[in-house]
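**Q** What follows is a structure written as C-alpha cells; I'll ask about it next.
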Amino acid sequence: MAPTPDAARAAQRRPRPRLDLTRWVRGGGLHAVLFAVPVVLVYLYFSWGPVVQGLVLSFQKTNLILPAEWVGWGNFEYVLADPGLLQASLNTAYFALLALVFGFPIPIILAVLINELRKYDALYNALAYLPAVVPPVAAILLWKFFYDPDAQGLFNSALGWIGLGPFPWLNAEDSAMPSIVLYATWAGAGSTAIIYIAALATVRTELYEAAEIDGAGIWRRIWHITLPQLRNVIFVMMLLQLIGTFQIFTEPYLFTGGGPNNATQTVLLKIYNYAFVNGDFGAATALSVLLALFLGLLSVVYYFVTKRWSTA
Amino acid sequence: MSAAPAPRAARRRPAEEKERGVISASDRRGPSVRAWFGAVQTVLLVLLIVAGLGPLLWAAKASVSSSNDIVSDPMGIWFTPNEWGNLLLAWNGARIGQSLWNTVILAAGSTLSTLVVSVAAAYLLSVLRPKWGPVLSGAILATLFLPGVISFVPLYLTILDMPLLNISLQDTFWAVWLPAGASAFNVVVLKRFFDSIPRDYMEAAKIDGAGPLRVLVSVVLPLSRPILGVIVLLSVVGSWKEFLWPMLVLSNPDLQPVSVMLPKLAAGNSPLSVQMAAVFLSILVPVVLFAIFQKQFLRGVGSAGGVKG
C-alpha cells in the first residue's frame, strides 16, 4: 500500500511536543476517545468482561443468593466426576463426526455443481440458501413433526411409497443423533455452499486449460485443480464446522431434550442444565472453560496439521 | 414466465460473462457431457426445490389445514380445504402477533446496536487511527477466536447484575440489544471496507471544515451503503433466528420473541393446526426479506467467507 496522506502527516507531526492538550484535541485525539467510549463499554461489559468472569467463576461456588465462595479446582473435579460427562462428550463427538462425514461434503458438491451452471445459477443459489433464513426453532418444530415415528408420519409415509420404513427417527437411541445430523445438514448446507461458490470464483481458470491440453477429463480436473485450489477455504470451513458442532445446543434441546435415554445429551446441554436447571453456575462455567480449552487446543493442532498440507 | 422477457435477458447477461469453470466451452458442446450435465442439472433442481422450498410450502399449506388432516395424512394436505381461521387463531389466541412484534423490536434494536458499535469501532481503527488503535483492534479481534461457550453463563450473570451500575437488564429488551453490539466480525468487515475508501474524499471534506463526525456521516457512511445494507440484512435475519439467549434473559411472555414462544406453544395443548400457523407466520418475514434482497444476502454471505478464509 502506498503511504496515505494521513500517514505522511502523522510522520511529520511526530517530532512536535505531545503534551499540548489543545493540539491533542485539534488533532482528533478527543474525537477518537469519544468514538472509543461506546465500543469499549459494550465490549467490556458483554465480551471481554464475561470471558474473564467465566475464568474466575469456574473456581467459585455461587448460586446467586449466597456470596461467591472460592473452591479452587472443586468445580472441575465435580464436573469431571459426573458420570454423565463421558456420555455427553461421546455424543457430541459422534454428532461432530457424523456431520463431518455426511454433512461436510454436500456443500462442496453443491457449490462445484452450481458453479458450472451458466443459466439460472441465481435460482439454484437462492433455493440452496433458503433453509438458512428459516428460524431454527420454526424449522425444528416442522422437522419434529416430519420425523413422526408413526407410519403416517410425513417422512415415513413418503419413504413408504418406495417401500422403506417406517423408521423410529428421534424415538430410538440409534437413530436419534443421525436424525439431528440430517436436520443440521439441511439447515447449514446452503449457506456453506454460498461461501464455497464465492471461493470458486477465485480459482485460476488457466489451470483448467493447461490440464485440458494434458488430456485431463472433467473428474480429474475437479480432483486435481478445483479441490486443491479450494483447500484453504475447505480447511477453514471444516474447523468452523467442528467448533460449531461441538457447541450444539438448540437442536438436541428442542428435538429430544437429550433423550431418548441420554442418546442426544451434549456437552452444551449439560452446561445449560448445570446453570439453568441446577443453578450451579460454578460447575457450568467450569465445564464451559474445559470445552473452550478443548476447542482452543483443537484449533491449534488443526492449524499446524493443515499448515503442512496447505504448503505441500 | 414469458411475461417479462426484458429483465430476464438482462439478468442472464452476467452469467454469460462468467469465466469458465471445470467444464470448458468445447466440452459443453459434446453430446455426452451435454446429456449428463443436463440430467445432473435437472436432478439438482428437483432436489433443491424439494429440500429448500418443500418444507416452506408444506408449512404454508399446513397453516391453513385442519389438525385432523395434518395428522392423518401429512403428505395429502395439499388437496384438503383451506381453513383460514387457523392464522387468526394463532395471531390472536396464541399471541403470535404480539411475539412477532417483539421479534421485530429485538431485531431492529440488535441491528442498530451492532451498527452503531461496529461503525464506531471500524471508523476509529480505519480512519481516526489513534496511537492506541492497535491495542483496541487486537482486543476486538481476539474475541473472534474465543469460542462463544466460555462467556455464555457469565454473560447471563452480567445481565442479571451489571457490574458497577448494579442494575438488572433481565426482562428488558436491552438484555438482547446491547450484547448484540459486540460483533467483532462486523467490525472486521466494515474496517476492511472503510480501508478501501480513497482518503482523498475525506481529506477534501476536512479541508472544507468538516470534523470527524461530519466526515463519517457525510462521506464514509454514504459510500459504504452496500456493505451497511448487507450487515443490516444479515443482522436482522440473525437476530430473528436467535433462540437460547432471548429465552434466558426474557422470562416475561409479553416481551418474548416468536422463537421463544413457539416451543412453548408446541409443548402446550394448542391444536396442531394453530401450531403450524404459528410456525408459518414466524417463517414468513425472513423468507420474504430474503426473496426481496437475495442478491445482497448471497453476496454478503460469500464475502463473509472471504473474511473467514
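The values are calculated or read from the model by the stated rules, or taken from the named source; none is laboratory data. All of these numbers come straight from a predicted model, not from anything done at the bench. Virtual Cβ from ideal backbone geometry, glycine too; neighbours counted across all protein chains shown.
**Q** Restricting attention to segment A:75-122, which residues are part of a helix (DSSP H, G or I), within 13 Å of chain B (Cβ to nearest Cβ) and free of Cβ contacts under 8 Å to residues at least 60 places away in the same chain?
**A** A:I109, A:L113, A:E116, A:D121, A:A122
**Q** Take A:N156 and tell me if it is more than 7 Å from chain B (Cβ to nearest Cβ) and either under 30 Å from B:Q256 (Cβ atoms) or at pLDDT 90 or above (or both).
**A** Judged against the criteria, A:N156 is not a match.
**Q** Is one or more of the residues making up segment B:40-49 closer than 30 Å to B:F280 by Cβ, surrounded by 13 or more Cβ atoms within 10 Å (Cβ to Cβ) and touching a residue at least 24 places away in the same chain (Cβ under 8 Å)?
**A** No, segment B:40-49 has no match at all.
**Q** Residues that are at pLDDT 85 or above and closer than 29 Å to A:W48 by Cβ: list the helices (runs of 4 or more DSSP H) wholly contained in segment B:35-138 that include at least 3 such residues.
**A** Filter on segment B:35-138 gives B:96-123.
**Q** Taking the criterion of being buried (at least 17 other Cβ atoms within 10 Å of the Cβ), under 28 Å from A:L293 (Cα atoms) and within 11 Å of chain A (Cβ to nearest Cβ), would at least one residue in segment B:99-109 satisfy it?
**A** no
**Q** While we're looking at this one, here's another question. Where residues in segment B:232-243 are hydrophobic (A, V, I, L, M, F, W, C) and within 9 Å of another protein chain (Cβ to nearest Cβ), which of them is surrounded by the most Cβ atoms within 10 Å (Cβ to Cβ)?
**A** By that ranking, first place goes to B:W240.
**Q** Does A:A201 satisfy being at the interface with chain B (Cβ under 10 Å from one of its Cβ atoms), within 20 Å of B:F297 (Cα to Cα), modelled with pLDDT under 85 and out of contact with any Ser or Thr (no Cβ under 9 Å at 6 or more places or on another chain)?
**A** yes
**Q** Using the structure shown, decide if A:G160 is surrounded by fewer than 18 Cβ atoms within 10 Å (Cβ to Cβ) and small (G, A, S).
**A** Criteria met by A:G160.
**Q** Go through segment B:91-110 and give me each residue that's closer than 20 Å to B:L190 by Cα and touching a Gly at 6+ places or on another chain (Cβ under 9 Å).
**A** Answer for segment B:91-110, where residues must be closer than 20 Å to B:L190 by Cα and touching a Gly at 6+ places or on another chain (Cβ under 9 Å): B:A107, B:S110.
**Q** I would also like to ask the following. Residue by residue through segment B:115-131, note down the ones that are surrounded by fewer than 19 Cβ atoms within 10 Å (Cβ to Cβ) and at the interface with chain A (Cβ under 8 Å from one of its Cβ atoms).
**A** If the condition is that a residue be surrounded by fewer than 19 Cβ atoms within 10 Å (Cβ to Cβ) and at the interface with chain A (Cβ under 8 Å from one of its Cβ atoms), then B:V116, B:R129, B:P130 are the ones that fit.
**Q** Can you find a residue that is among the polar types (S, T, N, Q) and over 26 Å from B:W177 (Cα atoms) anywhere in segment B:113-123?
**A** no
**Q** Of everything in segment A:24-37 that's surrounded by fewer than 16 Cβ atoms within 10 Å (Cβ to Cβ) and within 22 Å of B:P163 (Cα to Cα), which residue is farthest from the chain's Cα centre (by Cα)?
**A** Checked segment A:24-37; the qualifying residue farthest from the chain's Cα centre (by Cα) is A:L34.
**Q** Which condition number does B:V220 fail, the rest of (1) touching a residue at least 24 places away in the same chain (Cβ under 8 Å); (2) surrounded by fewer than 20 Cβ atoms within 10 Å (Cβ to Cβ); (3) not basic (K, R) being met?
**A** (2)
**Q** Looking at segment A:242-265, which of its residues are closer than 18 Å to A:E173 by Cβ, in contact (Cβ under 8 Å) with a residue 60 or more places away in the chain and of a type in the set (F, W, Y)?
**A** A:F255
**Q** State whether one or more residues within segment A:297-312 are at the interface with another protein chain (Cβ under 9 Å from one of its Cβ atoms) and either touching a Gly at 6+ places or on another chain (Cβ under 8 Å) or not small (G, A, S) (or both).
**A** No; the residues of segment A:297-312 include none that is at the interface with another protein chain (Cβ under 9 Å from one of its Cβ atoms) and either touching a Gly at 6+ places or on another chain (Cβ under 8 Å) or not small (G, A, S) (or both).
**Q** Let me ask something else about it. I'd like the full set of residues that are touching a helix residue (DSSP H, G or I) at 6+ places or on another chain (Cβ under 6 Å) and in a helix (DSSP H, G or I), limited to segment A:46-62.
**A** Passing the criteria: A:F46, A:S47, A:P50, A:V51, A:Q53, A:G54, A:L57.
**Q** Residues of segment A:160-188 being modelled with pLDDT under 90, under 30 Å from A:L123 (Cβ atoms) and within 11 Å of chain B (Cβ to nearest Cβ), which ones?
**A** If the condition is that a residue be modelled with pLDDT under 90, under 30 Å from A:L123 (Cβ atoms) and within 11 Å of chain B (Cβ to nearest Cβ), then A:W161 is the only one that fits.
**Q** So, one more: Can you tell me how many residues in segment A:246-267 are within 8 Å of another protein chain (Cβ to nearest Cβ) and either surrounded by 24 or more Cβ atoms within 10 Å (Cβ to Cβ) or not in a helix (DSSP H, G or I) (or both)?
**A** The total comes to 2.
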